[in-house]
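Heads up: the structure comes next, in structure tokens.
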Amino acid sequence: MALEYILSKAQDASAIKLINELFNPRQSLGDPDLESLTLEEQMEFYENGGAIHYLNYANVSKLSGLFDKFSKADIHSKYDSKELNENRIYPEVWHNDNSPDQAYNERHILDDFEQLKKIIKRASDDCDYILVFVG
């Protein structure tokens, strides 16, 4: 959630929508008409692995172009542990200790960003879809 929040800062509506799609894809395999299910049925469906969410190639390509505009310096300038905690960004224990043995800090976000950027770039270059599993 923190990386989504940081990437979305100071972006226009179309970029925010695309970033949200990365972390909360709407397309899925095995997806029944979720609108007809109750909230409890929807949660059970997701928890039981009834749907595999994915990003289609068009969105992967758009994300790759968007990520080309982001650098580690951009992420560094937008990271604010206090702001993340105040906005209740999970897990709400963000801090500024960047020691290698610590998580939930700027170093953690920068590492995640670099890995995600590589995955998206490779998928775009190979004209692939990306399956998204959150858990």
Cα→Cβ-extended label distance, 7 Å offset, between Ala58 and Ser36, nm:
2.6 nm
Residue span Met43 to Tyr90: 0.36 nm per residue of separation minus Cα-Cα distance leaves a gain in nm of 15.0 nm
Match the structure shown to one of the listed values (1) 182; (2) 111; (3) 135 of volume of the Cα convex hull per residue in Å³, computed from it, and give that label.
(3)
May I ask you to compute the full-extension gain from Asp111 to Gln11, defined as 0.36 nm times their residue separation minus their alpha-carbon distance, rounded to one decimal in nm?
33.9 nm
For segment 1-109, which GluC sites (Glu not before Pro) pass both filters: DSSP loop (anything but H, G, I, E, B) and at most 13 other C-beta atoms within 10 Å?
Glu92
With each pseudo-label sitting 7 Å past Cα toward Cβ, what's the Asn20-Val132 distance in nm, one decimal?
1.1 nm
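FYI, it's all coordinate maths here, none of it is from the lab. Nothing here was measured: the structure is a model prediction, and the numbers come from that model. Heads up, the Cβs are rebuilt from the backbone with ideal geometry, glycines too, and the neighbour counts pull from every protein chain shown.
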